[in-house]
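Peer 1: Quick one: the structure is below, and I'll ask about it shortly.
The values are calculated or read from the model by the stated rules, or taken from the named source; none is laboratory data. Bear in mind that the values here come from a model prediction, so they are computed numbers and not experimental data. Backbone-built Cβ (ideal geometry, glycine too); neighbour counts: all protein chains shown.
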Amino acid sequence: MATVELKGVSKRFGAVEVIHSVDLSIREGEFLVLVGPSGCGKSTLLRMISGLETISSGDLFIGGKRVNDVPARDRGISMVFQSYALYPHMTSAQNMSFALKLAGKSPDEQAERIKPAAGVLGLGDYLDRFPRELSGGQRQRVAMGRAIVREPEVFLFDEPLSNLDAKLRVRMRAELKELHQKLKTTTVYVTHDQIEAMTLADRIVVLRDGVIEQVGAPLELYDNPANRFVGSFLGSPAMNFFELSIPDGTPDRARFADGDSLQLPRELGGRSSVTVGVRPESLELVSEAGDGTISAEVAVIEPTGSETELFLRKGKDQIIASFRDRIDVRPGEIVHLEANPAKYHLFDTTTELAI
Amino acid sequence: MIEHSRTGPVLRHAVLIGFALIVLFPFVWIVMASFKTQIALLMGQWRFAPTLFSYDSVINGKTSDFVTNFKNSSIIAIASTTIVLSVATLAAFSLYRLQWADWVLRVLLAWSVIFHMVPPITLAGAWYTMFRSVGLDNTYAGIILAHTTINLPMALWMMGVFIRDVPKELVEAAQIDGARTPKVLRYVVIPIVRPGLAATGILCFIFSWNEFPVALTLSQRATATVPLGIGKYAQENTIAYTEMAAASTLSIIPAFILLIVAQRFIVRGLTSGAVK
């Protein structure tokens with residue numbers, strides 16, 4: 001176990017800077033998830049920590065030691081790749097013990113060391129099989145086994161579950177979490193899947209265009225997004241945003257173009273506009289239009305069994321609302337929605353920062 | 001419908017068999033000629049009493065150098081193929097996996113193609129002069145060097161294709177597992193490209209084995225290769241057709257054995273399961 005610290009870390013490919021002076025401090029034993037849309041630089045950042053990518057400027061410390069110029073093999077890290085990257089000509093056991101073989105350990109010691117990892121991952125019966133003879137989930141486990149056997153200071157995961165089907169992904173996610181609870185090794189995990197981020201992380205780092213947008217515990221980010229991007233990225237279905245005007249003389253009310261208006265949780269003096277974010281599950285259906293309700297036309301109804309999601313149109317805005325109860329509405333119907341003002345997320349319309 | 005579905009395969013097979021005959025005929029003719037007497041051959045007999053006279057003359061004849069030619073060719077082909085494979089594999093790995101600037105890759109590959117397009121005979125004269133001045137004429141080393149030079153561009157291109165097929169992540173995984181470049185090559189890359197090595201190696205071996213003009217320029221009697229030995233049966237006054245045919249038939253054997261042995265290495269799908 002070790003801490004990982006990034007100080008002003010940047011990455012340039014030629015003239016293009018893809019990571020802009022990132023500062024991040026990862027605690028010992030922490031499960032940290034880097035999340036963001038594709039192309040945000042999360043994989044590049046992980047590869048810089050691993051040593052597979054050089055650092056253009058800034059400093060990287062692992063366990064308090066500056067490792068900018070230390071090759072990947074000496075950084076005390078293990079990495080699990082999205083494609084598994086298992087050696088096709090080696091059996092599961094040989095894959096897992098390859099690092100030990102390179103380190104000059106005897107065959108007996110190699111066998112001894114892979115035993116506990118194989119046990120934890122339930123690979124006992126598959127040790128003599130080649131990767132091509134394993135299912136996706138088994139390959140994924142062998143890849144994790146290979147990472148565990150090295151007893152690294154830090155685990156690095158690069159979208160390890162994205163090649164698995166939905167069902168298996170959920171199961172492997174739980175296994176990963178359990179594994180971390182057992183081993184308590186510092187872990188940096190990259191994903192574009194916000195559900196994976198929410199469920200696995202001790203802390204989440206949201207990245208956009210090579211810049212950290214926000215760092216914090218999953219629910220902290222969910223409940224208090226620092227800006228509109230974080231609000232929209234975490235949560236599924238995504239947060240609704242309304243760009244509203246604040247009429248003169250009523251600093252605690254915000255108005256839609258069609259005249260509907262919302263009671264704001266507090267007065268916003270000196271502003272003429274605000275972006276209000278409302279999570280789909282914060283919206284409730286009410287039978288009649290009234291003060292603070294939002295009227296919209298039902299476009300599509302999606303029952304998922306446990307929930308019902310409504311896609312609604314209000315002028316040029318689209319609204320998504322989700323309900324635990326089964327509801328009886330039809331496309332084309334006008335319905336009225338309401339939310340507790342305490343659940344509104346307020347953002348500056350221009351800077352998109354939370355206010 | 002039925003008519004159509006029958007004539008289709010029949011026609012296809014007829015074409016294929018016809019094509020096979022065209023390809024095989026000269027080969028069969030040569031093998032048959034090697035078992036004939038010169039008279040039977042010149043009279044164009046299809047029915048004849050097979051004789052091993054030509055083989056005996058080629059292998060044991062007092063004036064025949066064929067056994068020496070065979071030994072020379074074996075040494076030269078094996079040595080040049082080994083050198084070509086080693087250099088091409090290292091070069092291809094370096095070019096495609098060690099982050100060279102793009103232009104380095106392009107210039108080297110383009111240059112090697114241009115070099116490959118130059119007929120070897122145009123270089124033979126220059127090589128002869130150079131090798132003579134450093135004492136490499138009429139030596140194995142000279143011909144091995146020349147064959148290495150001729151075969152390297154093609155081997156570099158072929159090995160490049162195979163090495164590019166090795167997923168980058170495998171190399172990276174090995175680096176993280178603690179391997180430096182030589183061990184990455186030894187334990188990960190080379191075992192995976194083994195079918196490619198076999199295919200490239202067979203081609204290089206056969207090219208070297210068959211190469212005529214450069215070997216003719218650079219060798220004398222002691223270092224002459226099999227094609228020169230075969231060529232010698234066509235003399236000023238007579239052409240010893242049947243001996244020539246026997247020597248030709250014998251010369252096919254090594255390539256034939258190589259193909260059979262290497263066939264089990266040339267298996268597709270070795271890398272399946274490495275990455276999804």
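Peer 1: Do the conditions hold for residue A:304, that is, is it out of contact with any Ser or Thr (no Cβ under 8 Å at 6 or more places or on another chain), of a type in the set (Ser, Thr, Tyr) and within 26 Å of residue A:225 (Cα to Cα)?
Peer 2: It is false that residue A:304 is out of contact with any Ser or Thr (no Cβ under 8 Å at 6 or more places or on another chain), of a type in the set (Ser, Thr, Tyr) and within 26 Å of residue A:225 (Cα to Cα).
Peer 1: Taking residue A:42, is it surrounded by 14 or more Cβ atoms within 10 Å (Cβ to Cβ), touching a Gly at 6+ places or on another chain (Cβ under 6 Å), more than 14 Å from every other protein chain (Cβ to nearest Cβ) and not hydrophobic (A, V, I, L, M, F, W, C)?
Peer 2: So residue A:42 fits the description; yes.
Peer 1: Now for a different question. If I filter the range A:126-136 for residues that are surrounded by fewer than 19 Cβ atoms within 10 Å (Cβ to Cβ), assigned by the TED database to the domain that holds residue A:173 and touching a Leu at 6+ places or on another chain (Cβ under 7 Å), do I get at least one hit?
Peer 2: There is at least one residue in the range A:126-136 that is surrounded by fewer than 19 Cβ atoms within 10 Å (Cβ to Cβ), assigned by the TED database to the domain that holds residue A:173 and touching a Leu at 6+ places or on another chain (Cβ under 7 Å).
Peer 1: Only one residue in A:294, A:301, A:327 is of a type in the set (Val, Ile, Thr), free of Cβ contacts under 8 Å to residues at least 40 places away in the same chain and either over 22 Å from residue A:221 (Cα atoms) or touching a Gly at 6+ places or on another chain (Cβ under 7 Å) (or both), so which one is that?
Peer 2: A:301
Peer 1: I'd like to know if the range B:199-215 contains one or more residues that are within 14 Å of another protein chain (Cβ to nearest Cβ) and surrounded by 19 or more Cβ atoms within 10 Å (Cβ to Cβ).
Peer 2: There is no residue in the range B:199-215 that is within 14 Å of another protein chain (Cβ to nearest Cβ) and surrounded by 19 or more Cβ atoms within 10 Å (Cβ to Cβ).
Peer 1: Please verify whether residue B:139 is farther than 30 Å from residue A:97 by Cβ, in the same structural domain as residue B:223 (by TED's automatic domain parsing), among the polar types (S, T, N, Q) and in contact (Cβ under 8 Å) with a residue 40 or more places away in the chain, treating the condition exactly as stated.
Peer 2: Yes.
Peer 1: More than 30 Å from the chain's Cα centre (by Cα) and either assigned to a loop (DSSP other than H, G, I, E, B) or buried (at least 22 other Cβ atoms within 10 Å of the Cβ) (or both): does that describe residue A:145?
Peer 2: Against the criterion (more than 30 Å from the chain's Cα centre (by Cα) and either assigned to a loop (DSSP other than H, G, I, E, B) or buried (at least 22 other Cβ atoms within 10 Å of the Cβ) (or both)), residue A:145 does not qualify.
Peer 1: With respect to the numbered conditions (1) within 13 Å of another protein chain (Cβ to nearest Cβ); (2) not in a strand (DSSP E or B), which one is the sole condition not fulfilled by residue A:174?
Peer 2: Residue A:174 satisfies all of (1) within 13 Å of another protein chain (Cβ to nearest Cβ); (2) not in a strand (DSSP E or B) except (1).
Okay, residues lined up against (1) more than 14 Å from chain B (Cβ to nearest Cβ); (2) buried (at least 21 other Cβ atoms within 10 Å of the Cβ):
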position	(1), (2)
A:13	no, no
A:17	yes, no
A:23	yes, no
A:36	yes, yes
A:68	yes, no
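Peer 1: Can you tell me which residues in the range B:224-263 are polar (S, T, N, Q) and part of a helix (DSSP H, G or I)?
Peer 2: B:242, B:248, B:249, B:251
Peer 1: Hey, any hits in the range A:88-109 for a residue that's of a type in the set (Lys, Arg) and within 28 Å of the chain's Cα centre (by Cα)?
Peer 2: no
Peer 1: Right, another one. Which residue pairs have Cβ atoms closer than 7 Å, lie 6 or more positions apart in sequence or on different chains, and pair a first residue in the range A:236-262 that is more than 19 Å from residue A:279 (Cβ to Cβ) with a second residue that is polar (S, T, N, Q) and in a loop (DSSP other than H, G, I, E, B)?
Peer 2: A:245/A:272; A:246/A:272
Peer 1: For the range B:143-182, what are the residues that are of a type in the set (Asp, Glu), touching a Leu at 6+ places or on another chain (Cβ under 8 Å) and either more than 9 Å from chain A (Cβ to nearest Cβ) or part of a helix (DSSP H, G or I) (or both)?
Peer 2: B:172 - this is the single residue of the range B:143-182 that is of a type in the set (Asp, Glu), touching a Leu at 6+ places or on another chain (Cβ under 8 Å) and either more than 9 Å from chain A (Cβ to nearest Cβ) or part of a helix (DSSP H, G or I) (or both).
Peer 1: Find the helices (runs of 4 or more DSSP H) located wholly in the range B:1-94 whose residues include 3 or more that are surrounded by fewer than 11 Cβ atoms within 10 Å (Cβ to Cβ) and among the charged types (D, E, K, R), and list them.
Peer 2: Per the criteria, B:2-34.
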